[in-house]
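Notes to accompany the following structure.
Values quoted throughout were computed directly from the atomic coordinates according to the rules given, and no laboratory measurement underlies them. Note that this is a predicted model, so its numbers are computed, not measured. Cβ: placed from backbone, ideal geometry, glycine included. Neighbour counts: every protein chain shown.
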Amino acid sequence: MVALWEDLLRRKLDEESGKRLEELAEKINVCLGTAHEVDPAREPELRTALDEYRGALTEKTGERVARLTMIMRAFPAVAHLVREAPANV
């Protein structure tokens with residue numbers, strides 16, 4: 001299942017959008033502690049970065065694919081934030 005999903009993403013994302021998503025993922029990761037938990041002091045920054053990442057991914061894949069991709073790839077604490085955000089489907 002994961003291989004099929006990743007193949008779907010590879011077909012939808014070009015090199016430029018892939019690089020942009022990597023940059024946005026780094027903005028997300030700097031808001032996490034060493035055990036990949038959400039740093040409470042950086043949660044607002046994390047939520048903003050998640051919104052940016054979701055927007056960039058949605059442009060290329062659509063809302064449902066973007067949301068599911070983020071949930072599948074995220075650390076558990078981040079996936080929780082993604083799940084609690086309203087779905088725009």
Once phi is turned into θ = phi - 60°, what whole-Hz ³J(HN,Hα) does the Karplus curve with 6.51, -1.76 and 1.60 give for every residue of segment 56-62, x standing for Gly and Pro? 5, 6, 4, 4, 9, 10, x
Suppose R0 equals 25 Å; then what is the FRET efficiency for Glu23 and Met1 from their Cβ-Cβ distance, rounded to the nearest 0.05? 0.35
Could I have the simple spin-label model distance between His36 and Thr48, label points 7 Å from Cα toward Cβ, reported in nm to one decimal? 2.5
To the nearest 10 degrees, how steeply does helix 2-12 sit against the main Cα axis of the chain, on a 0 to 90 scale? 70
Given Cβ point charges of +1 (Lys, Arg) and -1 (Asp, Glu) and nothing else, what value in debye, to the nearest 20, does the dipole of the chain about its Cα centre take? 320
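Could you give the length gained on full extension between Glu59 and Arg11, defined as 0.36 nm per residue of separation minus the Cα-Cα distance, in nm?
On the way: separation 48, 0.36 × 48 = 17.28 nm, distance 1.37 nm.
Contour length minus the Cα-Cα distance gives 15.9 nm.
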Just to be sure I understand the curve: with the Debye formula and one point per C-alpha of the chain, what is log10 I(q)/I(0) at q = 0.11, 0.14, 0.22 Å⁻¹? -0.29, -0.47, -1.13
